[in-house]
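> Would you mind keeping the following structure in view while I ask a few things?
The values are calculated or read from the model by the stated rules, or taken from the named source; none is laboratory data. Computed from a predicted structure; not experimentally measured. Quick reminder, even Gly has a Cβ in these numbers, built from the backbone with ideal geometry, and neighbours come from all protein chains shown.
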Amino acid sequence: MLFTPKSRAARRCSARRVLYPVARPGGYGRAMADLARKRNEELARILHQLGWSPERLAREVNSGLPAQLAISSTAPYKWRDRGMVPRSPHDQTVCEVLGRAVGIAVTYEQLWGRMGSGRGAKMLSPRLLTDPWTADTAQTALREAGADSTPVRLTDLFRGAELEQAARHWASPPPEVTGGEGALRIAAAHLADLRTSHDSKQRLERAYGGGLILSPAKAELALAGKLLELGSYGEQLGRQLYGVAGRLARLVGWASYDMGHDAAAQRAFVAALRAAHVCGDPRLGVSVVGCLAVQATYNSAGRGLDPVAMLSTALRAADEVLAPAERALQLGRIARAHGRKGEQISAEAVAELAFNALEEAAGEDRGQERADLQGMVGEGYLFLGDHERARRLLSSATAALAPERARTKALLLVRLADSYRRTGEHEGAAETADQARMLAAGMQSGRVAAALREFDAAVKAG
């Protein structure tokens, strides 16, 4: 038999074909270390505790991801029984899905750290809250919040006391702006372009959900971070650039929250707080604290965080600079949080303050702000079980919200349908839920999808 000698390069190619099989689609292909049959006992334990099958885990993971990132129903079997580690973003998504279901954070290290792959998404600084509040650390936080490697590997949610401490920092005197000696000359026109891009993405997010704009918003934030790192700018222009970057980080955080990525959302919000501190904009700081308060009101992401206390402190710190409509928005969030805590008298008193503040807002039409406020206060009354007032406010809000606010309208319709369900008005509940489904068709919002699933489950159970 004749053998044709191979070149050294050909032998290497042949060896690679033998030793390194091609990764399969679905986000779970790994190197040889991952192919060893090593049962993931921690994943198996959590699934057993929840009574979930691997197929159920696959459905829950897919519900919070765009269709193009969907995994197969068999992928979780490989994670559980063969010790394979999913690729980003599936690794982080599994942690957050299980964390929400169990009620406490499920960390990356807890779930995948013992599998021996030694890879994964980028780990953010565990000192994100405690590092000095300087321009340099703000720049680092912004860069990490906009990195393609997120969702983060460090998935443990911040504790309430830690977030409250961070929420107080933004109101302290701004630090010196360092840097600005790079080769890229930054002009005011560049900031205007970034603001326009932010505003357009925010409008899309409000209409179609955070999943649609999360990736491009991260890319825009990464661009702003590069300008801070490599740009040439003076102090005034530098502070303005930090302000634009902070608004982009807030948008990234809100879109992450809308998709159910709570840990990543918190880290983006903290980056936005750091940027607000550097740029010296208390209005931006209060707005970011308000986002954190909303997140803590609706799920366990606060880990002991009191949204009422934190947001009330922020309002007092910035009371002199907030416009009446801005104050009304944050007061509405506080009223809703009081309702969540079962504090009816406080919820009613703060709601009255919110509507009075909105009446002070002069100038342009405030119909959308009023609808927003009615929706928040209506949700607060729904928490309190006051269905009459809740329905009146929720109905007014959903009737007044413009098509550009479709995501909020869909959520409020689900809340309204749930009120009908709770009082036994099944026909009204079904009709209202159908309106929400029609509005949410194609919408990339994990919150809307989760609210509809919870409503359907309650109808089926009841």
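> Just one of (1) assigned to a loop (DSSP other than H, G, I, E, B); (2) more than 21 Å from the chain's Cα centre (by Cα) trips up ARG421, so point out which.
(1)
> Kindly indicate whether MET84 is in contact with a Phe, Trp or Tyr (Cβ under 8 Å, 6 or more places away or on another chain), modelled with pLDDT under 90 and loosely packed, with under 15 Cβ neighbours inside 10 Å.
No; evaluated as a whole, the condition is false for this residue.
> Would you confirm whether or not the range 136-153 contains a residue that is more than 16 Å from the chain's Cα centre (by Cα), among the basic types (Lys, Arg) and modelled with pLDDT of 75 or more?
So far as the range 136-153 goes, yes, one or more of its residues are more than 16 Å from the chain's Cα centre (by Cα), among the basic types (Lys, Arg) and modelled with pLDDT of 75 or more.
> Scanning for something in contact with a helix residue (DSSP H, G or I) (Cβ under 7 Å, 6 or more places away or on another chain), hydrophobic (A, V, I, L, M, F, W, C), crowded, with 19+ Cβ neighbours inside 10 Å and not in a helix (DSSP H, G or I), does the range 87-100 turn up at least one residue?
Within the range 87-100, none of the residues are in contact with a helix residue (DSSP H, G or I) (Cβ under 7 Å, 6 or more places away or on another chain), hydrophobic (A, V, I, L, M, F, W, C), crowded, with 19+ Cβ neighbours inside 10 Å and not in a helix (DSSP H, G or I).
> Which condition from (1) in contact with a Ser or Thr (Cβ under 7 Å, 6 or more places away or on another chain); (2) surrounded by fewer than 16 Cβ atoms within 10 Å (Cβ to Cβ); (3) of a type outside the set (D, E, K, R) is the one that GLY367 breaks?
(1)
> Here is a follow-up. List every residue pair whose Cβ atoms sit under 6 Å apart, with the two residues 6 or more apart in sequence or on different chains, where the first one lies in the range 308-336 and is within 13 Å of ALA171 (Cα to Cα) and the second, anywhere, is at pLDDT below 90.
Sorted first by the residue in the range 308-336, then by its partner, the pairs are MET310/GLU164; MET310/ALA167; ALA317/ALA171.
> Let me ask something additional. Report the residue count in the range 380-439 for those that are more than 22 Å from ARG333 (Cβ to Cβ), out of contact with any helix residue (DSSP H, G or I) (no Cβ under 6 Å at 6 or more places or on another chain) and among the small types (Gly, Ala, Ser).
So the count comes out to 2.
> From the residues in the range 320-343 that are assigned to a helix (DSSP H, G or I) and of a type in the set (A, V, I, L, M, F, W, C), which one is farthest from ALA161 (Cα to Cα)?
ALA325
> Taking the residues in the range 165-202 that are in contact with a Ser or Thr (Cβ under 8 Å, 6 or more places away or on another chain), of a type in the set (A, V, I, L, M, F, W, C) and not in a helix (DSSP H, G or I) as candidates, determine which candidate is nearest to ASP281 (Cα to Cα).
Here the answer is ILE186.
> Residue by residue through the range 438-462, note down the ones that are assigned to a helix (DSSP H, G or I) and surrounded by fewer than 16 Cβ atoms within 10 Å (Cβ to Cβ).
Hits for the range 438-462 are MET438, ARG453, GLU454, ASP456, ALA457, ALA458, VAL459, LYS460, ALA461.
> Kindly check whether there is at least one residue in the range 172-186 that is under 20 Å from the mean Cα position of the chain (by Cα) and of a type outside the set (A, V, I, L, M).
no
To keep it simple, each residue is scored yes or no on (1) free of Cβ contacts under 8 Å to residues at least 60 places away in the same chain; (2) within 24 Å of GLY332 (Cα to Cα).
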| position | (1), (2) |
| --- | --- |
| ALA207 | no, yes |
| LEU227 | yes, no |
| TYR242 | no, no |
| GLY260 | no, yes |
| VAL270 | no, yes |
| GLY290 | yes, yes |
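Condition check ((1) surrounded by fewer than 24 Cβ atoms within 10 Å (Cβ to Cβ); (2) in the same structural domain as LEU452 (by TED's automatic domain parsing); (3) modelled with pLDDT under 95; (4) not small (Gly, Ala, Ser)) across all residues:
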residue: LEU204; (1), (2), (3), (4): yes, no, no, yes
residue: ALA207; (1), (2), (3), (4): yes, no, no, no
residue: SER215; (1), (2), (3), (4): yes, no, yes, no
residue: TYR257; (1), (2), (3), (4): no, no, yes, yes
residue: HIS261; (1), (2), (3), (4): no, no, yes, yes
residue: ALA265; (1), (2), (3), (4): no, no, yes, no
residue: ALA272; (1), (2), (3), (4): no, no, no, no
